[in-house]
Amino acid sequence: MSDGTSPPGFSVVICVYTEDRWEDILAAVGSVREQSLPALETLLVVDHNERLRARLAEEYADARLREEVRVLANAGPRGLSAGRNTGIAAARGGFVAFLDDDAVAERDWLRHFAAAYDDPRVMAVGGRTLPAWASGRRPAWFPEEFDWVVGCTYRGLAPGRVPVRNVLGGNASFRRTAFDAAGGFATGIGRDGDRRPLGCEETELCIRLSTALPEAVLLMDDRAVVHHKVPAVRERFAYFRTRVYAEGLSEALVARSVGARKGLESERRHTTRVLPAGVLRGVRDALRGRPGGAGRAGAIVTGVTLAAGGYALGRRRPARPRRPRRSRPPRRPRHPATPPSPSSCTTPSAGTRPPPSSGSPSRPRRSPRRWRWSPSGGSRR
């Protein structure tokens, strides 16, 4: 099960960023420490929060725990992708698994991952992520087809251990050599703390991996289960709208990176087959008087519309040419005796040369001429 250069076993990477999830972080680490197949190490990567890093380092300062749990600072730019890359670089195991900081893994999580790697062609294995709703139950209007909104496995995925295009990042593992072939996570894609909830960084990586290693196999094993906490704010329709729109933006970034055909292959199938069935199911439930049926149908339609809008906007953004910088005239020292008026952009008359100024030259004033972008790509006045 080893890749031949790293010791056998799993390095589990948990990226963290806020003390607000302190108890969740401890629970996530605890679930890894209780695995039936022990992890080689757990790497806590702290995203530019020194206070949290110091607190975690103190929590796991015991000599025995230091070997089991290592606390690292994100060595890259702020965001989930760079945090994961930091964990990958520090990992000692032949396999690297990722767990969200607000999720807990079932006891045989790593054991099911490990069994799939007996096939040397397997480069990545993901698992099934179940929502743990803060309210104790799924909101009646929330369609299972959109459980990816809260970072969970959604209706439409095949059961069992099956080949997939990409794994889901909060419950995933990779053979260490996969990163040697494809590189790490793209830092321009994915979440950055509590900012706009972007995603798809694992999708982009998996597509790159399949391109770099055409014979690679990526699997989803629904026996490798984690339970992902869904806070109350994410049970609201407002978050649903924000998340699906952000997903459209993220898909546009992926399509820009790997091409629309590969970037949207699974999404097309989900949109044309699974979602229409979900709408019909919701309408049928509504006609039978079952609670939430109309809400689920409406949420699916709204989700598709907002995701498509985010994708369309995201695709247009790269295509728009950047406005060219205005070329500024060379700086010349001004004549101390004849300063220009505040509304003037004049330069010394031809044939006259002002004496050099002893002070720093003043900032040149902008030309009042308007610049605009021409269809040919140049600038016009």
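All of the numbers you see were taken from the coordinates with simple rules; none came from a lab. Please read all numbers here as calculations on a predicted model, not as lab measurements. No Cβ is skipped: glycine too gets one built from the backbone with ideal geometry, and neighbour counts run over all protein chains shown.
For the range 135-147, putting each phi into the Karplus relation 6.51 cos²θ - 1.76 cosθ + 1.60 with θ = phi - 60° gives couplings of 7, x, 7, 5, x, 4, 8, 7, x, 4, 5, 10, 5 Hz, in residue order, rounded to whole numbers and with x for Gly and Pro. Which net charge results for the neighbourhood of F142, defined as the other residues with beta-carbon distances under 13 angstrom from its beta-carbon, given Lys and Arg at +1 and Asp and Glu at -1? After counting each charged neighbour, the total is +4.
What is the local net charge at A97, summed over the other residues whose Cβ is closer than 12 Å to its Cβ (Lys, Arg +1; Asp, Glu -1)? With Lys, Arg at +1 and Asp, Glu at -1, the net is +2. Residues whose amide H comes within less than 5 Å of that of R161, counting only those at least five positions distant or on another chain, are D222 (H built at 1.01 Å from N in the peptide plane). Classify the range 36-96 as rounded, prolate or oblate, taking a ≥ b ≥ c as the square roots of the eigenvalues of its Cα gyration tensor: rounded when a/c is under 1.5, otherwise prolate if a/b is larger than b/c and oblate if not. Oblate is the answer for the range 36-96, as a/c is 1.5 or above yet b/c matches or exceeds a/b. The shape of the range 1-154 comes out oblate: with a ≥ b ≥ c from the C-alpha gyration tensor, a/c is at least 1.5 while a/b does not beat b/c. Close amide H pairs (under 5 Å, H built 1.01 Å from N) link G9 with G94, F95, residues at least 5 positions away or on another chain.
The simple Förster model, with R0 at 25 Å and r as the Cβ-Cβ distance, assigns V162 and L280 a FRET efficiency of 0.50. Amide hydrogen proximity for L72: with H placed 1.01 Å from N in the peptide plane, the residues at 5 or more positions away or on another chain lying under 5 Å are L44, V45, V46. If you sort the three axes of the alpha carbon gyration tensor as a ≥ b ≥ c, you get a/c of 1.5 or more for the range 102-190 and a/b above b/c, which makes it prolate. Here the Karplus relation 6.51 cos²θ - 1.76 cosθ + 1.60, evaluated at θ = phi - 60°, turns the backbone of the range 95-106 into coupling constants of 9, 10, 10, 10, 9, 5, 6, 10, 10, 10, 8, 5 Hz, with x for every Gly and Pro.
Charge tally for R236 (other residues, Cβ to Cβ under 14 Å; Lys, Arg +1; Asp, Glu -1): +3.
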